[in-house]
Amino acid sequence: MEDDAPVIYGLEFQARALTAQTAETDAIRFLVGTQSLKFDNQIHIIDFDDENNVINKSVLLHDAGEIWHISGSPADKAVLTTCYSKTSESRVLTCAAVWRMPPEWESGNHESPDDSSNNPQTLELLCHLDNTAHGSVACVLWEPMGDGKRVISLAENHVLLWDLQESSTKATISSSATLEGKGQLKFTAGKWSPHHNNTQLATANDTAIRGWDLRSMSQIYCIENAHGQLVRDLDFNPNKQYYLASCGDDCKVKFWDVRHINEPVKCLEEHSHWVWSVRYNHSHDQLLLTGSSDSRVILSNMVSISSEPFGHLVDDDELSDNEESQQEDKGKEPLQDSIIATYEEHEDSVYAVEWSAADPWLFASLSYDGRLVINRVPRALKYRILL
Amino acid sequence: RRNEINVTTKYSTTPPDSDPSQRRRVHSMLKHYYGLNEEGKVTEQAESLDPCDINGPHFDPEVYLNKLRMECSLGELMDHESCMVKQIRSLDSDMQTLVYENYNKFISATDTIRKMKNDFKKMEDEMDCLSANMAAITEFSAHISGTLQDQHAQITKLSGVHTLLRKLQFLFELPARLNKCLELQAYAQAVSAHRRARCVLQQYSHMPSFRGIQDDCHVIMEQLAQQLRQKFRDGGSSAKDLSECVELLLQLDEPAEELCDKFLSHAQSRFEADLQGLEAELKDSPVTDTGGGLVQKTNPGSNPVSPSSSSTTNPFLSPTAGTDILEFIDRGCNEFVSSLCLVIASYQELFINRPQEGELASKNIPEMANGKLHVFVDTLAARYFSLVERRIQEEKGVSDNSLLVRALDRFHRRLQAISKLLPGSAVPSQGTEIVVRAARERIKQYLSALQTFYHDSLTDVRQALAAPRQSAGGASVSGGGATSKDATPSLPELLTSLSNFILNQLKSVLASVHLFTAKDITFSNKPYFKGEFCSQGVREGLVVSFIKFICQSSRQYCESAGDRGGSTPPALLLLLSRLCLDYETSTISYILTLTDEQFLVQHHTPVTPVTALCAEAREAAQKLLNHYVKVQGLIISQMLRKSVETRDWVNTIEPRNVRAVMKRVVEDTTSIDVQVGLLYEEGVRKAHSSDSSKRTFSVYSSSRQQIRYAPSYTPSAPMDTNLLSNIHKLFSERIDIFSPVEFNKVSVLTGIIKISLKTFLECVRLRTFGRYGLQQIQVDCHYLQMYLWRFVSDENLVHFLLDEIVGSAAHRCLDPSPMEQSVIEVICERG
């Protein structure tokens, strides 16, 4: 069975921000934010038609500035946040805001796809996450699987927890924490843990990874020198509550058990340049996606530290079914930790990779030159995991 | 023919009586006539058949006459007739003479016979007389013997009585004699005397007198046996005395088994003393050691490190260790083993090899005694061995292997004596096992000593690298080689001294280990030392393990340093990488060949091939060099990143200078270039790089750069930038930033520059630039272009990355108006 060829979509502008539309569980949909200093920036809504293997896109205008980070609400698929840079008085500041997509983008788009670029609709601003007091925002995180009422923004060395009220039109800081230390501390990335009743947060600054308890807004652990260089991204294992993956400028991907922070559980060194993004698959946490500025995307199969034990399903099948033993011989040998595939469709640095929220076997990657590539997990592997 | 001659002579000669020759002829003719030749044999002549032969036996006168008448003339006949007559006359006279002669002889013979007859008669008379005399003599002799018979019988009887009396006297005197012997301690005499009398006494014990004697004897002998036993029990007596004792006791019907036990237990007590002496020495050393024990413990580590320190610690070693191992073994051999041999020998003489007589043979003593001896020897040897092993284990310092080997050799050699004495004993093989274990242990110790040595040398190198400004300290590895002129020994010097140190150390270790297999060492011809020791022990356990250890520890440098942020100085990485590479190319095969030659290894078991080791070394070298590139690249990256991140690029002033950090980057790159060039070859560049930097850069800036971002400022065509850069990328190869490098300078430098520039690019992409910010980047990039191209294998790579940087900066620029190329050049040349 041959795997489908990757689907490639090109944006006119350079881009760094990519997210799956978290609340959308039927359509495979990704949001991409562009970066341009000269032109109006856009948010591209990429709809992927899995059956016909085609892409439908819609464009929304985002005229506030170039987009550094984008994130979709887990509750309302029309609501999203962006971090964008705003230049004023020869000063560049990165701000964050909550937006609502205009309700008619979908219908209007389908009727005349050609018009969309000519006459793009504009995002509706819901509220600013006012950060003038705190400095540039690195990213905005939604409460995972929450009701879309709480977000966290990481601004310089501050962690700010916001309550969105009145249909997200008003944002108030409910609590905040500040990282103190010598030198200029600055958060580069963060992730809201989906475990522990959404009370934990992990942040990265320089080479350290820190865990925070959101109830007390205090630090609960700190992995100093988690990476030899800057830590670029984090992700929590969706099924194992203490496991966390990180990546950084030392070209490594490391897996941590936050209860034993002295040594990483495992360490991958497959990329030949900085790793900018790491993502666990939402359902099958052995599948791990990494994007790097060596222009490659790597899909790895980390069975040994996943929540699924080594091929026990296969064993059960074999006990009951002798006829298929021939066929299952391949499946009998336990899966090893391995690289499943290296995707080389990009020609510039890949700054973002993202699994689809709707289809667990599908993912998108975005490189700086504006190329979005949609790929699937190889079918052979998919069936081995499923069967 | 002779007859013819005779005939002719007869014809020709007249019969002369006088001539002796004539006479002989006549004799012969007579002889002939009677059919005898000269040899007395009858000869049958062919011609004698002729009837005309007048001398032949078949002569026919008629035929002869007829023949004559027919053949001869009358004259001739007349002659013939006269001749015949003459002959007949002479013959007649001859015959007469003969007859006369014979007659005389006969007469004389008859006379002689008559005389003899008379003589015999006289003799007969005399004989008769003699026989009569003899008869008389016989008669007399018989008479005499008859008279003497009685006296003879009496004498015989008397002599029998005499001997019996003597025996009896002996018996009666026996108790007294025994007593006297006892007094004089002439036990042997007493026993032999008693033995002689014993049977008789036994036989006649029913007679009261004899019984008394017997009882007396018994008492005395009992006393004697008691004394013997006493003597036997007493420790003081010598082995010879003992054996005498035992012999006598055996003769006194003492049970052999008991004697064996007693003998052995007696010997045991003496061995006990020996063993305790040895043990005391063993216990002694830890006691005296406690004072210097720490010193001794640290000694093995520090001892082999440098040749200079070993000489200082050596005298320190000897007093702390008490007696050295050779003395210990010597003592063990001289005291324990030799007396054990003596005991075995005398025991065997006493109980096993003695000729068996009488009832002793039936008891099967040798077998029993042999069994006892084996058990005895085995238990004693086991204790001795445990002591020796304890002593050997104390031997931790690897300074002097010859001492140990000599001790082991002596130990082993002396055990051979036991094997000769006791052919079936397991003792020698156990001894060999101890030697084997000691050898194994020694190899392990050498390996760890080598490892510590290696670590310490590396520490020294590290110090030498870390303290370059210090004026010639004693810490320098080359030990005064680079003392005066230059503060630091240069990298190649360090490398050669390091590798020489390691090699020499390894060689000296090999030499010491080689002592185990020297020809004059007794155990060197054991199968273990011929085979397994050489191949598994020395080659695999020592040499191969050490090489593997070097590779292993080198790899550890890569791993540990990565996490802790480069705790290892990069120069050390470079040095180690070169060391590993040298090992791969030559040293490993040299070492292994050396080992194989020295030890004549015959590999019965599979051994690690040279190629596998080389591959490992190469892998380690590659890893180290990659790591070196990474570390150096990161150091430069860090500078670049800080310089980009900390600056406010929007509000910067118009560039007048190249930023200091760029100069620093170039300086560092140059010094890295020098550093790498000390250890690695130049490597290959692409051919066209010999052009001057200026020209290439002008091409790069005027044509490509202008084309590249001129259109992107026109609002109408935002696509063009991407298109152009994409097209560009289509034609350039994908650049792997942290990729493995080759073993040459250019490749290393290319790797470092790639890492640095890529970092620069990524950092630029994260910032926003004002007009002058962009221009500053332009100036910086031009400056880098001017100096960096010469270090890399393909200058297009530098062009491409710098292009990307300037391009990205232009993209991220709020007010992109690039600086004039000529101005850039002026600034760069000035700075």
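The values are calculated or read from the model by the stated rules, or taken from the named source; none is laboratory data. Note that the structure is predicted; figures quoted are calculated from it, not measured. Neighbour counts run over all protein chains shown; Cβ positions are idealised from the backbone, glycine included.
Structure above, values below:
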{"item": "Those residues of region A:125-146 which are of a type in the set (Val, Ile, Thr) and farther than 18 Å from A:Gln165 by Cα, in sequence order", "result": "A:Thr132, A:Val137"}
{"item": "The listed residue being modelled with pLDDT of 85 or more and charged (D, E, K, R), out of A:Glu111, A:Glu104, A:Glu143", "result": "A:Glu143"}
{"item": "Residues of region B:766-795 satisfying the condition of being in a helix (DSSP H, G or I), within 14 Å of chain A (Cβ to nearest Cβ) and crowded, with 23+ Cβ neighbours inside 10 Å", "result": "B:Gly773, B:Leu774"}
{"item": "Some residue of region B:807-820 being within 18 Å of B:Met639 (Cα to Cα) and away from chain A (no Cβ under 14 Å)", "result": "no"}
{"item": "Inter-residue pairs, beta-carbon under 7 Å, first surrounded by fewer than 17 Cβ atoms within 10 Å (Cβ to Cβ) and in region B:576-590, second modelled with pLDDT under 85, 6+ apart", "result": "B:Ser589/B:Val610"}
{"item": "Top-ranked residue in region A:338-376 [being within 14 Å of chain B (Cβ to nearest Cβ) and among the hydroxyl-bearing types (Ser, Thr, Tyr); ranked as nearest to A:Arg232 (Cα to Cα)]", "result": "A:Tyr351"}
{"item": "Cβ-Cβ under 7 Å pairs, at least 6 apart or on other chains, region B:650-662 side of a type in the set (Asp, Glu), far side crowded, with 16+ Cβ neighbours inside 10 Å", "result": "B:Glu654/B:Tyr772; B:Glu654/B:Gln775"}
{"item": "Residue in region A:199-216 that is in contact with a Lys or Arg (Cβ under 9 Å, 6 or more places away or on another chain), within 14 Å of chain B (Cβ to nearest Cβ), surrounded by fewer than 19 Cβ atoms within 10 Å (Cβ to Cβ) and not in a strand (DSSP E or B) present", "result": "no"}
{"item": "Residues located in region A:84-107, provided they are within 27 Å of A:Trp276 (Cα to Cα), within 13 Å of another protein chain (Cβ to nearest Cβ) and not aliphatic (A, V, I, L, M)", "result": "A:Tyr84, A:Ser85, A:Lys86, A:Thr87, A:Arg91, A:Thr94"}
{"item": "Strands (runs of 3 or more DSSP E) completely within region A:1-64 that count 3 or more residues being within 14 Å of chain B (Cβ to nearest Cβ)", "result": "A:7-10, A:14-20"}
{"item": "Residue match in region B:478-494 (condition: out of contact with any helix residue (DSSP H, G or I) (no Cβ under 8 Å at 6 or more places or on another chain), in a helix (DSSP H, G or I) and at pLDDT 75 or above)", "result": "yes"}
{"item": "Condition check for B:Ser693: surrounded by fewer than 19 Cβ atoms within 10 Å (Cβ to Cβ) and at pLDDT below 55", "result": "yes"}
{"item": "Region B:402-436, subset farther than 28 Å from B:Ser346 by Cα and in contact with a Phe, Trp or Tyr (Cβ under 8 Å, 6 or more places away or on another chain), residue surrounded by the fewest Cβ atoms within 10 Å (Cβ to Cβ)", "result": "B:Val436"}
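Conditions (1) within 22 Å of B:Asn796 (Cα to Cα); (2) within 12 Å of chain A (Cβ to nearest Cβ), marked per residue:
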residue: B:Asp648; (1), (2): no, yes
residue: B:Val661; (1), (2): no, no
residue: B:Arg664; (1), (2): no, no
residue: B:Glu667; (1), (2): yes, no
residue: B:Thr670; (1), (2): yes, no
residue: B:Tyr680; (1), (2): no, no
residue: B:Val684; (1), (2): yes, no
